Amino acid sequence: MTTGAITDYIDVAQLVLYAFWLFFFGLVYYLHRENKREGYPLETTRKRPIKVVGFPDMPTPKRFDLPHGGGSRMIPRPDPQPYALAAEPLSGAPGSPLYPTGNPMVDGVGPAAWAIRPEVPDLTHEGEPKIVPMRVATDYSVAERDPDPRGQSVFGADGKVAGQVVDLWVDRSEPQIRYLEVDVAGAGKRVLLPINFARIRGGNGQVQVKSILAEHFAAVPTTASPDQITLQEEDKVCAYYGGGHLYALPQRSEPLL
């Protein structure tokens, strides 16, 4: 009998290998089950809705404590009631594309869709609102080498003036500009423009937006507070501009060929 052998057919190395296989299988099972805490059960688009869970089954609810005294959440939990979908499928086949029945940019259809999120602002590690205007975060400023868009005109995709930049909203956790605050021309309101949808032209003092037209700025979702933005409001604002890439002009939603 060789060293480490338990019998003529089993030794310690085999037992360790089998133990590793069992551990690895259990790990994959656990991770796959934990992955179903959100987004499950799946719902089909068939005429007779079917809940799809698959293997393994749903995990038992677990409590997660939120930071800064924000309470707790039990996950998994029932999904919040979705907003009314202003769209209809083009056919009765499962997975058929949806066709908007109203104004998709406002109704939240397709690329303009938004998720249902809490009406509370995202917070820093210290518990302060993360995204605020520079009039609140007075210790932030624009680098000398970068163009400062404040005071510049904002032009829509049609080349018309939509408004003027009056302030910049910064992210305190990741020091960078997140939004431009725009005073909409002739609307008597201020809206936020995500920096990713803006092109700042330092030479001619312009801010160009290709996703929406100048007239669309008046319908951009606004914030309840003038100095902070909630998670839900962020989703709606960004979805509005994102939807404009497909719905701002009729020809954008037509086939290329």
Among (1) assigned to a helix (DSSP H, G or I); (2) surrounded by 20 or more Cβ atoms within 10 Å (Cβ to Cβ); (3) hydrophobic (A, V, I, L, M, F, W, C); (4) in contact with a strand residue (DSSP E or B) (Cβ under 9 Å, 6 or more places away or on another chain), the one test that Val182 misses: (1)
In the stretch 89-102, residue surrounded by the fewest Cβ atoms within 10 Å (Cβ to Cβ) [restricted to those that are part of a loop (DSSP other than H, G, I, E, B) and free of Cβ contacts under 8 Å to residues at least 40 places away in the same chain]: Ser91
Qualifying residue in the stretch 180-202 (condition: at pLDDT 95 or above, among the aromatic types (Phe, Trp, Tyr), out of contact with any His (no Cβ under 8 Å at 6 or more places or on another chain) and farther than 23 Å from Leu231 by Cα): no
Neighbours by Cβ (under 8 Å, 6+ apart or cross-chain): first from the stretch 193-204, touching a residue at least 40 places away in the same chain (Cβ under 8 Å) and assigned to a helix (DSSP H, G or I); second among the hydroxyl-bearing types (Ser, Thr, Tyr) and crowded, with 18+ Cβ neighbours inside 10 Å: Phe197/Ser211; Phe197/Tyr241
Residue within the stretch 11-33 that is among the hydrophobic types (A, V, I, L, M, F, W, C), surrounded by 11 or more Cβ atoms within 10 Å (Cβ to Cβ) and in contact with a Lys or Arg (Cβ under 6 Å, 6 or more places away or on another chain) present: no
Hey, Leu66 in contact with a His (Cβ under 9 Å, 6 or more places away or on another chain) and aliphatic (A, V, I, L, M) or not: no
Unique match (being of a type in the set (A, V, I, L, M) and part of a strand (DSSP E or B)) among Ala162, Ala137: Ala162
Pairs, first of a type in the set (Lys, Arg) in the stretch 135-162, second part of a loop (DSSP other than H, G, I, E, B) and buried (at least 16 other Cβ atoms within 10 Å of the Cβ), C-beta under 8 Å, six or more apart: Lys160/Leu213
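Does the stretch 52-73 contain any residue that is assigned to a helix (DSSP H, G or I) and under 30 Å from Tyr241 (Cβ atoms)?
Scanning the stretch 52-73, I find no residue that is assigned to a helix (DSSP H, G or I) and under 30 Å from Tyr241 (Cβ atoms), so the answer is no.
The values are calculated or read from the model by the stated rules, or taken from the named source; none is laboratory data. Values in this document were obtained by computation on a predicted structure and should not be read as measured data. Note that we place each Cβ from the backbone using ideal geometry, even for glycine, and neighbour counts take in every protein chain shown.
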